[in-house]
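Have a look at the structure below before the remarks.
The values are calculated or read from the model by the stated rules, or taken from the named source; none is laboratory data. Nothing here was measured: the structure is a model prediction, and the numbers come from that model. All Cβ positions, glycine included, derive from the backbone under ideal geometry; neighbour counts span all protein chains shown. Heads up: the accessible areas ignore ligands, DNA and RNA and are worked out on the full protein's heavy atoms, side chains in. Shrake-Rupley method; radii C 1.70, N 1.55, O 1.52, S 1.80 Å.
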Amino acid sequence: MPPERGTRTRPDRRTGTRLNQKTRMKRDRRAGAGPDGPPRKAAPSSQRKPLTRPRAAAAAIAIAVEEEKRLRQRNRLTLEEDKPVVERCLEELVFGDVEDNEDALLQRLRGPRVQALEDSGDSEVENEAKDNFPPQKKPVWVDEEDEDEEMVDMISNRFRKDMMKNTSENKLSKDELQKRLKEEFQHAMGGVPAWVETNKQKISSDDESEEDEDDLLQRTGNFISTSTSLPKGILKMKNCQHANAERPTAARISSVQFHPCAQVVMVAALDNSVSLFQVDGKTNPKIQSIYLEKFPIFKACFSANGEEVLATSTHSKVLYVYDMLAGKLIPVHQVRGLKEKIVRSFEVSPDGSFLLINGVAGYFHLLSMKTRELISSMKINGRIAASTFSSDSKKVFASSADGEVYVWDVNSRKCLNRFVDEGSLYGLSIATSRNGQYVACGSNCGVVNIYNQDSCLQETNPKPIKAIMNLVTGVTSLTFNSTTEILAVASEKMKEAVRLVHLPSCTVFSNFPVIKKKNISLVHTMDFSPRSGYFVLGNEKGKALMYRLHHYSDF
C-alpha cells in the first residue's frame, strides 16, 4: 500500500542542507573567516585604528603616478620602434637622454614659473618628487670691479655744485647723485608728479566691478543727478595772488603756461628770465628762475611730457632747451637745413614728437623733438600768421595773412584742405580744442570764428558755428581749456580786451573781466591749468594775473 501524500517530507530542500549552509556562512563571516580559508581572529578593539585620509590619498596618488609613468613608458617604446635611427639620435642631441625621466624634460620646457604655480596645489608626494630636480646654476665668474661704486666729482660741474649740501660732499656715488637729482626735481615741481611715478599702476579687477554692480542692484533710490556741464551766463571765479608775486618784474610778460602734470606755472618775460612758481592761489612761492644773458624771450613753452622748457628770443635764431631733470641748459645754435635768420614763433605737438617753427615767406618747418633735426618744410601762399597742431598731432592748421586757413597732413606733408576764414581779411591767431571738436580763428577786425573741425577737413567753404564779435581790435591770443568748455580770446591792442566764451552755447560770460577789482591792462598771453581750474593772464606791466574759476568739478 503506497504511503500517503500528507506524511511525505522533504528535509533536504526546506530544512536540510541549505538552511545549515546559510547559518554556517553567517557564523563564519561574523567570526572573520574568509570565503575559502579558516576563520580569522578578531583584533581587540584597542588595536583597531582607521586609516587616515591623508595617507590614503597619498597612496592613491602615488599608485596613479606610477601607473601613468608605466603607460607613458610603454607608449613611448611603441612609438620609438617606428622612428628611424637618425631621428632618435637627433632627439637625443636636442633634448638629451630622457628615456627614464620624461617628466624632467617637460618640467624644463615649461620653466620654473609654471613649476612654482603647480607646487602650490600639489600633494606631499608630488612635492617630494619635484624637489629632486637639480638647482639652478650659479655664475661661473663675477667681476669684482662691477661692485665698486663709481664716484662723481661735484665741484667740476657748476650745476652739480649747486646741489652740494656741505663742503664735504666733494664726490658722490652714482646712486647718491641720482637721489639728489630726484630731490631737486621734486622740490622744483612741488612734489612727485604723476608722469614720474611709472611704477604706480591703477588696479581695476573684475571682482570689484562685479561687487559694484551687485551693490547697485541691491539698493533703490534716485540715481539721476543734476547736469555736470558748466552753465553759461555768469562764471563763478575768485581773484588770486599774482603768479609771479615773489619775483616781480617791470618787463612785459611774453609767455605764461601751466605745467602739463604738476601744479606749477611758468612765467617768461622780456627781462631774459624764465621763472617757475608753485601754484596754491595764496602766495605762489617761487621754485626756480633761469636767466638767459642777452636773450629777451619772445616765447617759452613746456614740452609735452613736462621735462623740458623751450625758449626763443625776439632777435636770435638760437633755440634754448632747459632740461629740468638734469639741470642743464642746452643751446641749439643751428639746425641743419633751416635757413631762417630769426626763430620766434613755434608750437609743440600734443604727443611730444614734433616741433613746428613758423618762418618767413610762407614757410613753416617741422622738426623732431628728440633729435632737433629738420624733417620737412612746407609753404603756403602769403605770410604765416599763426599755426597749431590738431589734438591727435596728425594735422597742422596754419592761418595766413591773407585770411586763408591751410590744413596739412603731418605724415605725408601734403595739404589736405584750404578755405577762406569767413569775413577775415588778415588772420592773426588760430587754436584747436583738446577734444578735436572745434577750430577757432581770430582776425584783425576783432572777430573770432568757431568752426567744426570735421567741416574744416571736408568742406571747401565751411560755415562757422558762431562768430564772436565782442572785441573791436585784432585777436592776438586764443586758448581752449582742457575740458573744451571755455574759449579765452584776447587782444594786445586794447586794455581789458579779454573775454571768456562758453561752449557749446558760444556765449560770452557777462561777469568777466571785472575791471574794478583788478587792472588787466594789455594782455599778451594766457593759459588754463589742466585740472585745478586756474586761469592766468600775462600783461605788459610784468604781472601774471591769476584767477580761480569755480568749475563744476570743484563743488
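Here are the numbers:
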quantity: Over segment 227-313, equivalent-ellipsoid semi-axes from the Cα gyration tensor in Å; calculated: 26, 16, 13
quantity: 5 angstrom amide H check on H550, placed H, neighbours 5+ away; calculated: K236, M237, K238
quantity: DSSP-loop GluC sites (Glu not before Pro) across segment 435-508, with at most 14 other Cβ within 10 angstrom; calculated: E459
quantity: Estimated FRET transfer efficiency when R0 is 41 angstrom, pair V360-S532 (beta carbons, to 0.05); calculated: 0.60
quantity: Residue order for R434, R160 - accessible surface, 1.4 angstrom probe, largest first; calculated: R434, R160
quantity: With DNA, RNA and ligands ignored, accessible area of R72 (1.4 Å probe; Å², nearest 10); calculated: 80 Å²
quantity: Dipole of segment 233-314, positive direction: furthest Cα of A245, T314, I234, with charges on the beta-carbon; calculated: I234
quantity: In segment 237-299, trypsin sites (Lys or Arg not before Pro) in a DSSP loop with at most 14 other beta-carbon atoms within 10 Å; calculated: K282, K294
quantity: Area of S412 that stays accessible when all protein chains are in place (1.4 Å probe, Å², to 10); calculated: 60 Å²
quantity: Normalised contact order of segment 406-458, rounded percent, pairs of Cα under 8 Å and 6 or more residues apart; calculated: 28 percent
quantity: Using θ = phi - 60° and Karplus 6.51 cos²θ - 1.76 cosθ + 1.60, couplings along segment 312-325 (whole Hz; Gly, Pro as x); calculated: 10, 10, 7, 9, 9, 9, 7, 10, 8, 10, 9, 8, 6, 5
quantity: Surface share of carbon and sulfur [accessible, 1.4 angstrom probe, percent] for segment 275-357; calculated: 52 percent
quantity: Fully extended contour minus Cα-Cα distance, from K339 to V420, at 0.36 nm per residue; calculated: 26.2 nm
quantity: Pairs of lysines in segment 399-555 (C-alpha under 25 Å apart; 8 or more residues apart or interchain); calculated: 19
quantity: Euclidean distance between Cα centres, segment 451-471 to segment 412-434, Å; calculated: 10 Å
quantity: Accessible area, probe 1.4 Å, largest first, for residues K466, K328; calculated: K328, K466
quantity: At most 13 other Cβ within 10 Å, DSSP loop - GluC sites (Glu not before Pro), segment 242-346; calculated: E293
quantity: Estimated distance in nm for a label pair at S289 and E246, the labels positioned 7 Å out from Cα along Cα-to-Cβ; calculated: 1.2 nm
quantity: Heavy-atom SASA rank of L471, L270 (probe 1.4 Å, accessible area, largest first); calculated: L270, L471
quantity: Overall form of segment 419-555 per C-alpha gyration tensor (a/c, 1.5; a/b vs b/c); calculated: oblate
quantity: Extension gain from N435 to E373, taking 0.36 nm per residue of separation minus the Cα-Cα distance; calculated: 19.4 nm
quantity: A385 long-range amide H proximity, modeled H, under 5 Å; calculated: S399, S400, A401
quantity: Probe 1.4 Å - accessible area at E169, Å² to nearest ten; calculated: 30 Å²
quantity: Modelled FRET efficiency - R0 56 Å, K138 with A56, Cβ distances, 0.05 increments; calculated: 0.85
quantity: Amide hydrogen neighbours beyond the local backbone of Q288, cut-off 5 Å, H modeled; calculated: L276
quantity: Selection from G442, G423, S399, by position along the positive dipole direction of segment 392-442 (Cβ); calculated: S399
quantity: Estimated FRET transfer efficiency when R0 is 60 angstrom, pair S505-D175 (beta carbons, to 0.05); calculated: 0.60
quantity: Cβ charges +1 (Lys, Arg) and -1 (Asp, Glu), total dipole of segment 403-458, debye; calculated: 200 debye
quantity: Student exercise, segment 364-430 dipole from Lys, Arg, Asp, Glu Cβ charges, in Debye to nearest 20; calculated: 340 debye
quantity: Dipole moment magnitude, nearest 20 debye, segment 224-304 about Cα centre, only Lys, Arg, Asp, Glu C-beta charged; calculated: 260 debye
quantity: Full-stretch length increase - A326, L457 - with 0.36 nm per residue and alpha-carbon distance subtracted; calculated: 43.0 nm
